[in-house]
Amino acid sequence: MTSELSKTFDPAAIEQRWYQHWEDNGLFRPDRPDAEAYTIVNPPPNVTGSLHIGHALDNTLQDIMIRYERLRGKDALWVVGTDHAGIATQMVVERQLEAAQDKRTNYSREDFIAKVWQWKEESGGTITRQLRRLGCSMDWSREQFTMDPHFSDAVMKVFVDLYNDGLIYRDKRLVNWDPKLKTAISDLEVETQEIKGSFWHFRYPLADGVKLANGRDYIQVATTRPETMLADMAVAVHPTDERYASVVGKFVTLPITGRRIPILADEHADPELGSGAVKITPGHDFNDFEVGKRAGFAPGEMLNMLDAEANVSQTSDGLIPDEFLGLHRFRKDKVDGARELVVQRLKEQGFLIPHVTEQDGERTEHDAEPRTIQTPFGDRGGVVIEPWLTDQWYVDAAQLAKKPIEAVKSGEVEIVPKSWEKTFFNWMENIQPWCVSRQLWWGHRIPAWFNADGEIFVALTEEAAQAKADPDAVLTRDNDVLDTWFSSALWPFATLGWPNDPPQHGVGDHAQHGGGAGSVGREVPLHLPSGGPPPRSGEDLLAKHYPNNLLISGFDILFFWDARMMMMGRHLTGQNPWPRLYLHGLVRAADGQKMSKSKGNVVDPLGLIEQYGADALRFFMAAMESQGRDIKMDDRRVEGYRNFATKLWNATRFCQANGIAASTTLEAPAATSAVNRWIIGEVVETQAKLDQALADLRFDTAAGTIYHFVWDNFCDWYIELIKPGLGANFDAETKAVAGWVLDQILVMLHPFMPFVTEELWSKQGDRADYPLITAKWPEPRAKVDAAAKAEVEWLIALTSAMRAAKNELGIPPGTKLEAYLADPSDAAKTVIAGNQSAIERIARISAVHFEAAPDGAAMQIGVGADSFVVPLAGLVDIEAEKSRLTKALEVSAKEAKSLEGRLSNANFVDRAKPEAVEKAKADFAHHSAEVERLTAALERLG
RNA sequence: GGGCGUAUAGCUCAGUGGUAGAGCACUGUGUUGACAUCGCAGGGGCCGGGAGUUCAACUCUCUCUACGCCCACCA
């Protein structure tokens, strides 16, 4: 029973309906308690986010794997959720306040966080709705958020445990400070950019009348950051540098501040560079910090001349003149920045060494030498990062990295494509302590308390912290929150209920757990009332679905997320989060540029979905995803896959119009005709190739395989071949086989194009209780039928040869002709006898006579060993046929000659693989026969 | 400075140690009602340059060139 299809395929008309149907009926995770698990966790997009083209790629690939494994009968679970995205989300809400002439600091921490929650409730669902538009079959019934109570509990537990294990500690050192966002950020969040800047040279006068060996009373230093000289604490020279040996241990009187600072010997100073002497500002430069430490300065003594917004503030020795205080650290083209003022004062006082250029004999003096400077920027705030001395929390990443490194080395964890392994090792083996504290309000507040003396107590709750401290001590909770990636590193297992599955706490616990004890109780109640995902009765999700089977992510978050999941997963659960990590590239704009809002070349996936349908966009992503390469956006290609969907749609309409309905069997129906036996074999081969491609994570090969089967084999040949002659009906066998093949197509294509296939599946028969999404992946026991394959391929060759010949001779394609085959091969006799109707309709040969052709104009058609003669009786000029045959003769003659040369080469025959020799011989035989045949044909024409 | 990647038809991209493919574009043409979002036929490539290994290289090695990306403290 079928229901009629509309004339054309309209994606928009079916997508929403089917998605709703799947989701409402729980089909994204059908109850399969006894089935083998297959699990992927979705990289949680920022809750503030909206679907960009990269998400479309990432999620399409994941959905293909999930749908595929679901069809194969697995208990496929695709974990989905969103990330609270600390900085990004807080920025969004702050921007909204700004728009209303308001600001965060007008509110208490609690009230501001409540506002963020409110925003999340109102606007946070954008991306999850958009993922549905793409057709992603995630398990929404268990949607997660990184600040869900159970998730927050896990985060707190991890912090406390790692602290107790000595893997988290507090340290005072330089951090990457974002003066705009006023928070520390991690190394990974710093992006180095090349900026055109300047390089200034200064004289630092020697104190106490000391002179250099060359008689000078000053030391020359150079810098790209003059303003930091206000906090200089030393000048360093290389220990072996003769020029300065006599002044090591002596002092310099710093201009402007008059600070008396020592001259140190330190390996850091490079004698080859500039003057060989370098100014040391331990509080504002990572290298200088190390030099300072070696010189015996404690971090607490290092001078700090900037406030949190990187404006100049007084150093602890009080030596910075008032005129500098409060100035911006630098500000281009203005004197109101500290940088300009320092330069100006030094110049006035004669401490600036001008940079001299000579052009056309003309000497010009400049304040500074122009120079390209590698400058650090914050990836969120977009301003220059300031190395700043603060107390922060650090994770001992080097320790945690050990096991993951081993896991990848041993192959326990496979990175696909393998070329990323080197990058992975390089980063992991040189990993630095991970700064995880952020000076923000939105996020998981660090469970650490301080007493009045600054002593630290880390515990899950304030009560527990108090219990560790003096009972009378007044404890203050750390104000900082954790890096977002700290919590998302727990995603593969915390989403499954770790550490307890099912979650043990109830609603009442929220005020005490969930990221905040007491003082921040309001961080919790505004969301999910249920307190975590609903576990199915008796289901141990963690045991069944962890480790996951695969992770798919963009290579851009290999360090941010993937590596950290490996570190956390391995340490906390003792297992790798997944055995396989697939990294895909970036989706680029059509011109190859990276998409960015500022360039205005961002392609909106939803626009593409509206234009061509989600299926087409998905198929594009799959077809273009070859391992390890970026994808260039190409609308034309998306359009092509829309056409592909239409093609299938119309093939199905054809089936319907001819009583070809849903298959009643999983197994291939019994078939006697060659065409039917052939197509069954093609299904078998297609499925095998598809299975292999997906096992190898070759999405492009998989997509290409099903595409060509559908379009070339099924539509272009099979359907044409089975069409019965005039007025005749389809035989029962063909109807059964065609219906079965179409069903297999729908199943095999479903992971790539879920919507159109589900629609067609439903239209092919009354299968309301058997939707395609949970149908069964084909497992035909049929084998490829070699005889049928040879027969149909012979038929196809004959047809193609006839068409090409007619085309070249300008004979209308519809013309039916008679053919003569004087000395038919057995193969020819069999095929011709068994496919009368097809030969007439497809090859347009009305009759084949097994006898010599009558004299007269004719064209020659070669198929394998057989040579057809097709009389044309004045339809064509002999010259055209001659030239056609001559062209073909030349091609074969050239091939034959080349092969002959190879075969007469003793080295080739002796050393080449036997198969290669055999093939060369066969090819030579074929081309020689062609030469003979065509020569004879030409002779016949005179 | 270190590492990685890419250079194949006009465009976007596959590809294998045995002589090169797809989609789109292009040219010609339209045969029975699935489909013009289509069918059929066709043109088009010293597979970035050079050297080496091999009977044989687009495919392996080295090198050069161009482009891209990542990591790194050159003041």
*Residues of segment A:540-569 satisfying the condition of being open to solvent by less than 10 Å² (accessible area, probe 1.4 Å), of a type in the set (A, V, I, L, M, F, W, C) and away from RNA strand B (no atom under 16 Å from the Cβ)*: A:541, A:550, A:551, A:552, A:565, A:566, A:567, A:568
*In segment A:625-648, how many residues are assigned to a helix (DSSP H, G or I), within 9 Å of RNA strand B (Cβ to nearest atom) and either open to solvent by less than 10 Å² (accessible area, probe 1.4 Å) or more than 21 Å from residue A:746 (Cβ to Cβ) (or both)?*
6
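Output the residues belonging to segment A:700-728 that are free of Cβ contacts under 8 Å to residues at least 40 places away in the same chain and not small (Gly, Ala, Ser).
A:701, A:705, A:708, A:709, A:712, A:713, A:716, A:726
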*In segment A:665-697, which residue that is surrounded by fewer than 19 Cβ atoms within 10 Å (Cβ to Cβ) and more than 22 Å from residue A:739 (Cβ to Cβ) is nearest to the chain's Cα centre (by Cα)?*
A:696
*Considering (1) at pLDDT below 95; (2) part of a helix (DSSP H, G or I), say which one residue A:68 fails and leave the rest.*
(1)
*Could you check segment A:356-472 for strands (runs of 3 or more DSSP E) lying wholly inside it with 3 or more residues that are surrounded by fewer than 13 Cβ atoms within 10 Å (Cβ to Cβ)?*
A:362-366, A:368-378
*Listed residues A:224, A:192; which is open to solvent by 50 Å² or more (accessible area, probe 1.4 Å) and not charged (D, E, K, R)?*
A:192
*Could you say which residue among A:53, A:40 is touching a strand residue (DSSP E or B) at 6+ places or on another chain (Cβ under 8 Å), of a type in the set (A, V, I, L, M, F, W, C) and farther than 25 Å from residue A:577 by Cβ?*
A:53
*Does residue A:785 satisfy the condition of being away from RNA strand B (no atom under 16 Å from the Cβ) and open to solvent by 50 Å² or more (accessible area, probe 1.4 Å)?*
no
*Select from segment A:265-290 the residues that are surrounded by fewer than 24 Cβ atoms within 10 Å (Cβ to Cβ) and not in a loop (DSSP other than H, G, I, E, B) and write down the one among them that is farthest from RNA strand B (Cβ to nearest atom).*
A:265
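Let's see how each residue does on (1) open to solvent by 40 Å² or more (accessible area, probe 1.4 Å); (2) modelled with pLDDT under 90:
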residue: A:849; (1), (2): yes, no
residue: A:870; (1), (2): no, no
residue: A:887; (1), (2): yes, yes
residue: A:904; (1), (2): yes, yes
residue: A:937; (1), (2): no, yes
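Filter segment A:657-686 down to residues that are assigned to a helix (DSSP H, G or I) and farther than 18 Å from residue A:706 by Cα and give me whichever is farthest from RNA strand B (Cβ to nearest atom).
My answer is A:677.
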_Single match in A:491, A:498 (criterion: open to solvent by 20 Å² or more (accessible area, probe 1.4 Å), closer than 28 Å to residue A:185 by Cβ and either in contact (Cβ under 8 Å) with a residue 60 or more places away in the chain or under 26 Å from the mean Cα position of the chain (by Cα) (or both))_ = A:498
*asked:* Looking for something more than 11 Å from RNA strand B (Cβ to nearest atom), under 30 Å from residue A:585 (Cβ atoms) and either part of a helix (DSSP H, G or I) or not charged (D, E, K, R) (or both) - is there at least one such residue anywhere in segment A:757-767?
replied: yes
*Residue check, residue A:353 within 25 Å of residue A:376 (Cβ to Cβ) and either among the aromatic types (Phe, Trp, Tyr) or open to solvent by less than 60 Å² (accessible area, probe 1.4 Å) (or both)*: no
*Being in contact with a Lys or Arg (Cβ under 9 Å, 6 or more places away or on another chain) and free of Cβ contacts under 8 Å to residues at least 60 places away in the same chain narrows it down to one of A:32, A:17, so name that one.*
A:32
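Given the criterion over 25 Å from residue A:758 (Cα atoms) and surrounded by fewer than 18 Cβ atoms within 10 Å (Cβ to Cβ), identify the matching residue among A:36, A:98. Give the steps one after another, and end with the answer.
Numbers: A:36 fails: over 25 Å from residue A:758 (Cα atoms).
Answer to the selection: A:98.
Over 25 Å from residue A:793 (Cα atoms) and assigned to a helix (DSSP H, G or I): which single residue out of A:883, A:892 fits that description?
So the residue among A:883, A:892 that is over 25 Å from residue A:793 (Cα atoms) and assigned to a helix (DSSP H, G or I) is A:883.
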_Among the candidates A:5, A:51, residue that is touching an Asp or Glu at 6+ places or on another chain (Cβ under 9 Å), under 19 Å from residue A:759 (Cα atoms), assigned to a loop (DSSP other than H, G, I, E, B) and not basic (Lys, Arg)_ = A:5
*Condition met for residue A:662 (without any contact (Cβ under 8 Å) to a residue 24 or more places away in the chain, in contact with an Asp or Glu (Cβ under 9 Å, 6 or more places away or on another chain), more than 30 Å from residue A:833 (Cα to Cα) and crowded, with 18+ Cβ neighbours inside 10 Å)*: no
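Here is a check on your reading of the model: is residue A:541 at pLDDT 75 or above and under 27 Å from residue A:414 (Cβ atoms)?
Working: at pLDDT 75 or above: yes; under 27 Å from residue A:414 (Cβ atoms): yes.
Criteria met by residue A:541.
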*Which residue pairs have Cβ atoms under 9 Å apart, sit 6 or more places apart or on different chains, and have a first residue in segment A:801-812 that is under 14 Å from residue A:883 (Cα atoms) and open to solvent by 50 Å² or more (accessible area, probe 1.4 Å) and a second that is assigned to a helix (DSSP H, G or I) and within 9 Å of RNA strand B (Cβ to nearest atom)?*
A:808/A:887
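For every residue, the table says whether it meets (1) among the β-branched types (Val, Ile, Thr); (2) more than 10 Å from RNA strand B (Cβ to nearest atom); (3) touching a helix residue (DSSP H, G or I) at 6+ places or on another chain (Cβ under 8 Å).
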| position | (1), (2), (3) |
| --- | --- |
| A:699 | no, yes, yes |
| A:706 | yes, yes, yes |
| A:714 | no, no, yes |
| A:723 | no, no, yes |
| A:728 | no, yes, yes |
| A:744 | no, yes, yes |
*asked:* Regarding segment A:270-277, can at least one residue be identified that is closer than 30 Å to residue A:382 by Cα and in contact (Cβ under 8 Å) with a residue 12 or more places away in the chain?
replied: no
*Can we say residue A:235 is crowded, with 23+ Cβ neighbours inside 10 Å and assigned to a strand (DSSP E or B)?*
yes
*asked:* Quick check on my filter: what residues within segment A:576-624 are open to solvent by less than 50 Å² (accessible area, probe 1.4 Å), in a helix (DSSP H, G or I) and within 10 Å of RNA strand B (Cβ to nearest atom)?
replied: A:612, A:616, A:620, A:623
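Please pick out the residue among A:117, A:177 that is open to solvent by less than 40 Å² (accessible area, probe 1.4 Å), touching a strand residue (DSSP E or B) at 6+ places or on another chain (Cβ under 6 Å) and aromatic (Phe, Trp, Tyr).
A:177
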*Working only within segment A:39-57, note down all residues that are open to solvent by 60 Å² or more (accessible area, probe 1.4 Å) and of a type in the set (S, T, N, Q).*
A:50
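The values are calculated or read from the model by the stated rules, or taken from the named source; none is laboratory data. Predicted model, so just to flag it, every value in this text is computed and none were measured. Glycine gets a Cβ as well: all are built from the backbone with ideal geometry, and neighbour counts include every protein chain shown. We work out accessible area using only protein heavy atoms, side chains counted, and drop any ligands, DNA or RNA first. Shrake-Rupley method; radii C 1.70, N 1.55, O 1.52, S 1.80 Å.
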